[in-house]
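The values are calculated or read from the model by the stated rules, or taken from the named source; none is laboratory data. Everything numeric in this text was worked out from a predicted model, so none of it was measured. With ideal geometry, Cβ positions are generated from the backbone for all residues, glycine too; neighbour counts draw on all protein chains shown. Note: areas computed on protein heavy atoms with side chains; ligands, DNA, RNA excluded. Shrake-Rupley method; radii C 1.70, N 1.55, O 1.52, S 1.80 Å.
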Amino acid sequence: RTNDKYLILVSVFHLADMSRYFHFSRLQVNIPHSGTLFASLGSSVTIPCSVSMSSESPSTYSASIEPRIKWSVVSEEVETQILVVRGQRVKVNELYRERVALLNYTSSPDDLSLWLKDLRSSDSGHYRCEAQQGLEDASDLVQLKVKGVVFHYRNALGRYAFTFHQARDACEAIGAQIATVDQLLAAYRDGYEQCDAGWLEDQSVRYPIQVPREGCYGDMDGKPGVRNYGTMSADDEYDVFHDSNPQKFSFEEAQLYCRSTGAELATTAQLYWAWSEGLDRCSPGWLSDGSVRFPIITPRERCGGAPAGVKTLYRFSNQTGFPEPSSLHDVYCFNGESCT
């Protein structure tokens, strides 16, 4: 009986000691940012992270062991490893090669800040900074949201009808900005394709192609990529790339309906933003520029087929002209917070 009691006391002591060990773990990882980080499509972002050692630490900790540093991202419940570092050895996921770096880690091992460039919409997610040393590990998490969506925009009068200055004005008129080269590249790398050439901010004319085919080969010898016409005269004419209610309405009625609800007709850019945030509506509706469009997240045959995106209704079979203002459609309103 004496021996049994002794064994029980020893077991309780060890459990208490382990509890103290994990509660006062000296390894601490911190991302000094509250809330969500926002960055623009095609830009770069630095996600800050630091590692420190608490003074309240067990003597069993071995500082001689090289720490293992890991960055990963969780998106749509799938975790993807970005990079792993142990000492001077760095392993980068091929998906992120030449796009990521630990800017200050070599000179300051306590600084684990991650730099990520050429941001794509698919880079949105929860980023985890993790450190492991010996038996100890710690991590912290922050959400990154990449804002912006690139879309093709055509003059209601027909294909290739904007000069460069007209294209820039048309973007502003629908609540958008003319896209940059980096933004078009970011959209292309996320799967965007458009076989119509459009103006970009640097006065170049380009278009992105995923599947080369007749009429869309451009200057890349049958390979996928962004076709480039180069810098064009500002007077040349091209298209441009920009960063519901069950009742049916004419264009004028749609304007009145939105105002009656304390909102305004949504712009094309606002509908694309809502689509990028997850809006899926298989119902063509009026927008403020007189166009009729609808956002599709999950492609299906009766909703314009593949691919996903914002679909447009044209007046003519050659994909030109907006619908007659007297024709009846749904409507998309914007109230300053969301598109409905």
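The numbered conditions (1) of a type in the set (Lys, Arg); (2) open to solvent by 20 Å² or more (accessible area, probe 1.4 Å); (3) in contact with a Pro (Cβ under 7 Å, 6 or more places away or on another chain) are all true for Arg293 except (2).
Residue pairs whose Cβ atoms lie under 7 Å apart, separated by 6 or more positions or on different chains, with the first residue in the stretch 321-340 and open to solvent by less than 30 Å² (accessible area, probe 1.4 Å) and at pLDDT below 90 and the second of a type in the set (Phe, Trp, Tyr) and in a loop (DSSP other than H, G, I, E, B), are Cys339/Tyr332.
Checked against the criteria, Arg281 counts as open to solvent by 50 Å² or more (accessible area, probe 1.4 Å) and under 23 Å from the mean Cα position of the chain (by Cα). When Phe151 is tested against (1) out of contact with any Cys (no Cβ under 6 Å at 6 or more places or on another chain); (2) closer than 26 Å to Pro32 by Cβ, only condition (2) is not met. If you go through the stretch 184-224 and pick out every residue that is closer than 20 Å to Arg154 by Cβ and touching a strand residue (DSSP E or B) at 6+ places or on another chain (Cβ under 8 Å), you end up with 22. Counting only strands (runs of 3 or more DSSP E) that sit completely within the stretch 88-148, those holding 2 or more residues that are loosely packed, with under 15 Cβ neighbours inside 10 Å and basic (Lys, Arg) correspond to 89-92.
Scanning the stretch 145-169 for residues that are modelled with pLDDT of 90 or more and touching a Ser or Thr at 6+ places or on another chain (Cβ under 6 Å) gives Lys145, Val146.
Of all the criteria given as (1) within 19 Å of Gln194 (Cβ to Cβ); (2) assigned to a loop (DSSP other than H, G, I, E, B); (3) within 28 Å of the chain's Cα centre (by Cα), the one not satisfied by Asn318 is (3).
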